[in-house]
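What follows is a set of notes on a single structure, which appears directly below.
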Amino acid sequence: MTDIDTYVRQLAQTRKDLEGFDPDAWNAFSSLVKTTSKRGALPEKVKEIIMVALGVADHCQFCIGVHTKKAIEAGATRQEIMEGAMMAIPMGGGPSMAFMRHVIDACDEYGAR
């Protein structure tokens, strides 16, 4: 068992807390996420894989967990997620390589095939 599901649950609670604290700010952020995430030239799974790579580059285990789960739900394979996430390594070097651990754990946790 990894901490990935804990991160995903913590992030969900943080969302609820922030929404309660400042609904207008939360709604503005939520609207931005929905607008940039909607299907366009890139399918949802590709956008989620990009978000995984950004999570690796930014060293955000919360982002990695949530977006790996969403990528899998959108039909991404383990191979696609890993290849996409590894694109962060040349940009972020050793720290990004180390954060690949969270991608591997999230793939395991959420059953990526």
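Looking only at the range 13-32, which residues are surrounded by fewer than 11 Cβ atoms within 10 Å (Cβ to Cβ) and within 27 Å of Gly75 (Cβ to Cβ)?
Listed by number, the residues that qualify are Ser31, Leu32.
Looking at Ala57, Ala74, Ala41 in this structure, which one is at pLDDT 95 or above and within 17 Å of His102 (Cα to Cα)?
Going through Ala57, Ala74, Ala41 in turn, the sole match is Ala57.
Looking at the range 1-82, what helices (runs of 4 or more DSSP H) fall wholly within it and have at least 2 residues that are in contact (Cβ under 8 Å) with a residue 12 or more places away in the chain?
4-21, 44-58, 61-73
Yes or no, residue by residue, for (1) under 19 Å from Arg39 (Cβ atoms); (2) open to solvent by 70 Å² or more (accessible area, probe 1.4 Å):
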site: Gly55; (1), (2): no, no
site: Phe62; (1), (2): no, no
site: His67; (1), (2): yes, no
site: Ile72; (1), (2): yes, no
site: Gln79; (1), (2): no, yes
site: Glu83; (1), (2): no, yes
site: Met86; (1), (2): no, yes
site: Ile89; (1), (2): no, no
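The values are calculated or read from the model by the stated rules, or taken from the named source; none is laboratory data. Since the model is a prediction, treat every value here as computed from it, not as a measurement. Note that each Cβ is placed from the backbone with ideal geometry, even for glycine, and that neighbours are counted across all protein chains shown. Each accessible area value is taken on the protein alone, full model and side chains, heavy atoms only, with ligands, DNA and RNA left out. Shrake-Rupley method; radii C 1.70, N 1.55, O 1.52, S 1.80 Å.
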